[in-house]
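Contents: one structure, followed by commentary.
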Amino acid sequence: MPGDDEKIVGFFGFLSPAKVVCDGDACIIAGSETSFRKYLKIANPPGATKVIIRKTRFGEVIRGLSLSAPYSFDEDAYSVFYPLARKAGLDIPMANFGTKPGGDIEFMTIRTKGSG
């Protein structure tokens with residue numbers, strides 16, 4: 001059984017290691033590859049058709065947060081991330097997503113104290 005660091009919390013996208021798909025300055029973490037593709041279709045960032053989508057694990061997100069990188073989670077990804085983060089001792093808020101079918105994608109952005 002994998003430890004919490006190995007648990008998959010969602011999917012992120014990138015064009016290169018230095019070019020991650022973001023909403024503002026926060027890296028997007030979607031609960032599924034399908035959700036991530038929906039976001040790309042709506043936002044249509046530069047190079048959207050060339051974005052590589054990969055799974056991301058809890059430990060990878062925690063390492064990013066420790067380096068002051070902010071993350072924006074959709075509802076599905078946050079529902080996986082939140083209990084793991086609380087268990088790990090992070091003081092983060094419970095999200096109140098109001099997404100309606102066919103509505104806009106909502107994100108919960110988490111940043112550490114040094115990330116803006």
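The values are calculated or read from the model by the stated rules, or taken from the named source; none is laboratory data. Bear in mind the structure is a predicted one, so any value in this text is a computation, not a measurement. Ideal geometry is used to build each Cβ from the backbone, glycine not excepted, and the neighbour counts take in all protein chains shown.
For (1) surrounded by fewer than 20 Cβ atoms within 10 Å (Cβ to Cβ); (2) more than 20 Å from Asn96 (Cβ to Cβ); (3) in contact (Cβ under 8 Å) with a residue 40 or more places away in the chain; (4) out of contact with any helix residue (DSSP H, G or I) (no Cβ under 9 Å at 6 or more places or on another chain), each residue gets a yes or a no:
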position	(1), (2), (3), (4)
Lys7	yes, yes, yes, no
Gly10	no, no, yes, no
Pro17	yes, yes, no, yes
Cys22	yes, yes, yes, yes
Cys27	no, yes, yes, no
Thr34	yes, yes, no, yes
Tyr71	no, no, yes, no
Pro83	yes, no, no, yes
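Please tell me if Thr56 is out of contact with any Leu (no Cβ under 8 Å at 6 or more places or on another chain), crowded, with 18+ Cβ neighbours inside 10 Å and among the β-branched types (Val, Ile, Thr). Considered against the rule, which asks whether it is out of contact with any Leu (no Cβ under 8 Å at 6 or more places or on another chain), crowded, with 18+ Cβ neighbours inside 10 Å and among the β-branched types (Val, Ile, Thr), Thr56 comes out as yes. Residue check: Arg111 meets all listed conditions (1) basic (Lys, Arg); (2) modelled with pLDDT of 90 or more; (3) surrounded by 12 or more Cβ atoms within 10 Å (Cβ to Cβ) but one, namely (2).
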